[in-house]
Amino acid sequence: MAKIFKFEESFGRILGVAHTSLFRHLSKLMKEKNLPITPEQFSVLSHLWQKDGLQQTELALCTNRDRANVTRILDILEREGIVERRDDANDRRVFRIYLTEKGNSLREATAACAQQSIADSLVGLTEAEIETCIRVLLKIKDNVA
């Protein structure tokens, strides 16, 4: 007799719920600090804080999002004065994305919210459990990448 698949108890469902919970918690912390960005926008900004002037296609790759999604995020960030698009000096078909002064000013407070969110999510776990979890998640990613 075949085992019945229980979606609500499945690994994929639990992983998805954990991700959503962490995302919502980060969003709550950002709102409490009156930060004008979302966790989705934070993922794009975090890459620009590491390397300003990335191409839009590079941002799509490093954030694991499609181009249309990144375009939508950048449109909002640009409208809010957090980033600006500039023509690429070598290829007129390409835009590079640069942080504005406002975008750079958000880095410290936003990073603190992200660190707090992660710390809150790991309460009660040992270092060994965290390391095992990271190892397992990376293996899962590699298996399906």
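Descriptive notes on the structure:
- Amide H contacts of Val83 (H built 1.01 Å from N, under 5 Å, at least 5 apart or other chain): Glu78, Thr100
- From helices alone, the chain scores -20500 deg cm²/dmol at 222 nm; the rule is -39500 (n - 2.57) for each run of n ≥ 4 DSSP H residues, then divide by the residue total.
- Euclidean distance between Cα centres, region 1-74 to region 121-140, Å: 19 Å
- Net length gained if the chain between Arg13 and Gln55 were fully extended (0.36 nm per residue, minus Cα distance): 11.8 nm
- Sparsely packed loop sites in region 64-96 (the trypsin sites (Lys or Arg not before Pro) outside DSSP H, G, I, E and B with at most 11 other Cβ atoms within 10 Å) comprise Arg92, Arg93.
- Cα-projected label distance for Arg85 with Glu101, points at 7 Å along beta-carbon direction, nm: 2.4 nm
- FRET E, pair Glu131, Asp75, Förster distance 25 Å, beta-carbon r, rounded to 0.05: 0.05
- Dipole of region 2-145 [Lys/Arg +1, Asp/Glu -1 at C-beta], most positive-end residue of Val70, Leu138, Leu125: Val70
- Checking every one of the GluC sites (Glu not before Pro) in region 42-145 against DSSP loop status and a limit of 16 other Cβ atoms within 10 Å picks out Glu80.
Every number in this text was worked out from the coordinates using simple rules, so none of it is lab data. Small disclaimer: the values here were computed from a predicted structure and weren't measured. Virtual Cβ from ideal backbone geometry, glycine too; neighbours counted across all protein chains shown.
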